[in-house]
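Rule-based calculations on the coordinates, nothing more; no lab input. As the structure is a computational prediction, the values presented were derived from the model and not from experiment. Here Cβ is always computed from backbone atoms with ideal geometry, including for glycine, and neighbour counts include all displayed protein chains.
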Amino acid sequence: MELPRSMEDDFLYWKYHPSGKFTVKTGYYFLTKRQRAEHLDLSLEEHSFVKLIWKLKILPKWKIFLWKLFHDRIVVKRNLAKRGIQVEETCVFCGEDEEDSQHLFRLCNLAKEVWENGSLAICSDSTGFDSLREWIQYYILLFYSEDGKYGTRSTKFIATLWGLWKMRNARSFNGANGGIDLALEFVNLAMREQETFCQNIRESMENRDNSREDSYPPPPGFNSVQLGKDRSGFDDFIVGVDGSWDKRTTRAGIGWVAMGGNNENEVSEGGKYGVATSALHCEAWACLEAMKWAKEKGRQGILILLDSIMLINNLHDQSGKDILISWIAKEIREVGALFQWCTILKVQRDQIQRADEIARKCRTSLSNYM
Ligand SMILES: [Zn+2]
């Protein structure tokens, strides 16, 4: 920005739009850009740590909680204040220090007591850690490397963080008093909830007569969405789908492929061509057509694999996030509700290569493939 030649009053300026005025679109751009930058900030070690968290057999809400802690997005008072929300910033436990996440989960006297008196007997204010993120990473990796993936110490560690958070909320919002005993009770409660969760996983795997652990899709809320009548299980009729879209001509092609274990005489793939308003719209169309196709074949359930996290995010929200695909998203939900199980799962691109080939072919040759 150039400097004024004469005395001018200061004014607010939004640097992500040429006019200097804030617009929602540029605001969104700024936020996603910042997110991307933060994402790139993660070192290789941190990346593998995030992957490890993903693999742990823990409550889905704990994964989100850890993810938030890791990025310091948890709504402690300090973070609210950073967002410009006026709050009184003192810690609800000790009433002395400022409530930031490092203090609340690690350095506050109550937190220290909880860690020391819990079965892990951790001295939480030991030096050598710059951030809460580093500290959490250290312990989870330590327990994981020593106990393996079925060890309970890493679970207990996460349950303690969760218990502290529950305790903090009980104090802030429900006026709960209690000290260390109540906090430890919250930790125990968390452990019981986790045990029930593991028990349910075991049972549903046994019921489905499917002991292959890696065939179990990730918990809802991450990269999958459940649209069928039964929200807990998933079907083994697996269909990969993909869309191919040309921005210049708006021509679109879609493809779907049933994967594995089908009758050889049965047609197990298909594709169509048409127009779409965006790549996301094209992806949504591919998903919808594959669902209709499975329905016509008399299938009770379907597990759709696709590579668009955006579509999954849109389907999570009942009202839809992206207005441009809200109609087709509504239709996907409606058709999905006709199935007993309808799961849509985000996978890596190479897992749906065949569907991608079909989509491309349909788009460029302007022909349907049935
Ligand atoms: Zn405190």
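Listed here are the pairs Lys61/Lys361; Lys149/Lys297; Lys61/Lys272; Lys229/Lys272; which of them are more than 31 Å apart at the Cα?
On the way: Lys61/Lys361 41 Å; Lys149/Lys297 41 Å; Lys61/Lys272 39 Å; Lys229/Lys272 28 Å.
In this structure, Lys61/Lys361; Lys149/Lys297; Lys61/Lys272 lie more than 31 Å apart at Cα.
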Rounded to 0.05, the calculated FRET efficiency for the beta carbons of Leu142 and Arg83 at R₀ = 51 Å is 0.95
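Using the count of nearby Cβ atoms within 10 Å as a rough guide to exposure, how do Glu357, Glu88, Glu193, Glu269 rank from fewest to most?
Going from least to most buried by this count: Glu88, Glu193, Glu357, Glu269.
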Measure up Lys68/Lys330; Lys247/Lys295; Lys57/Lys77; Lys82/Lys346; Lys55/Lys156; Lys51/Lys82 against 25 Å on the Cα-Cα distance and list the ones that go over. Lys68/Lys330; Lys247/Lys295; Lys57/Lys77; Lys82/Lys346; Lys51/Lys82
What is the set of long-range amide H partners of Ile304 at a cut-off below 5 Å, with H atoms built 1.01 Å from backbone N? Val239, Thr343, Ile344, Leu345
Once R0 is set to 45 Å, what does the formula 1/(1 + (r/R0)^6) return for the Cβ-Cβ distance between Gln351 and Lys68, expressed as a FRET efficiency to the nearest 0.05? 0.95
Please label the shape of the stretch 42-208 as rounded, prolate or oblate, based on the square roots a ≥ b ≥ c of the eigenvalues of the alpha-carbon gyration tensor (a/c under 1.5 means rounded; beyond that, a/b larger than b/c means prolate, else oblate). prolate
How large is ³J(HN,Hα), in whole Hz, for each residue of the stretch 338-348 in order, when computed from phi with the Karplus curve 6.51 cos²θ - 1.76 cosθ + 1.60 and θ = phi - 60°, using x for Gly and Pro? 7, 8, 5, 10, 9, 10, 10, 10, 7, 10, 6
Taking the beta-carbon count within 10 Å as an exposure proxy, list Val87, Val76 from fewest neighbours to most. Val87, Val76
With a ≥ b ≥ c taken as the square roots of the eigenvalues of the C-alpha gyration tensor of the stretch 224-365, please select rounded if a/c is under 1.5 and otherwise prolate if a/b is larger than b/c or oblate if it is not? oblate
Per-peptide average of other Cβ atoms within 10 Å, ordering 240-248, 223-231 highest first: 240-248, 223-231
Phi-derived 3J(HN,Hα) across the stretch 143-149 with the Karplus relation (6.51, -1.76, 1.60, θ = phi - 60°), rounded Hz, x for Gly and Pro, is 5, 5, 5, 7, 9, x, 6
Expressed in nanometres to one decimal, the distance between label points 7 Å along Cα→Cβ at Tyr150 and Asn313 is 3.8
For the stretch 354-370, 3J(HN,Hα) per residue [Karplus equation, 6.51 cos²θ - 1.76 cosθ + 1.60, θ = phi - 60°, Hz, x = Gly/Pro]: 4, 4, 5, 4, 4, 4, 4, 4, 4, 5, 6, 9, 6, 9, 8, 10, 10
At 7 Å along Cα-to-Cβ for each site, give me the label-to-label distance between Thr196 and Ser131 in nm. 3.5
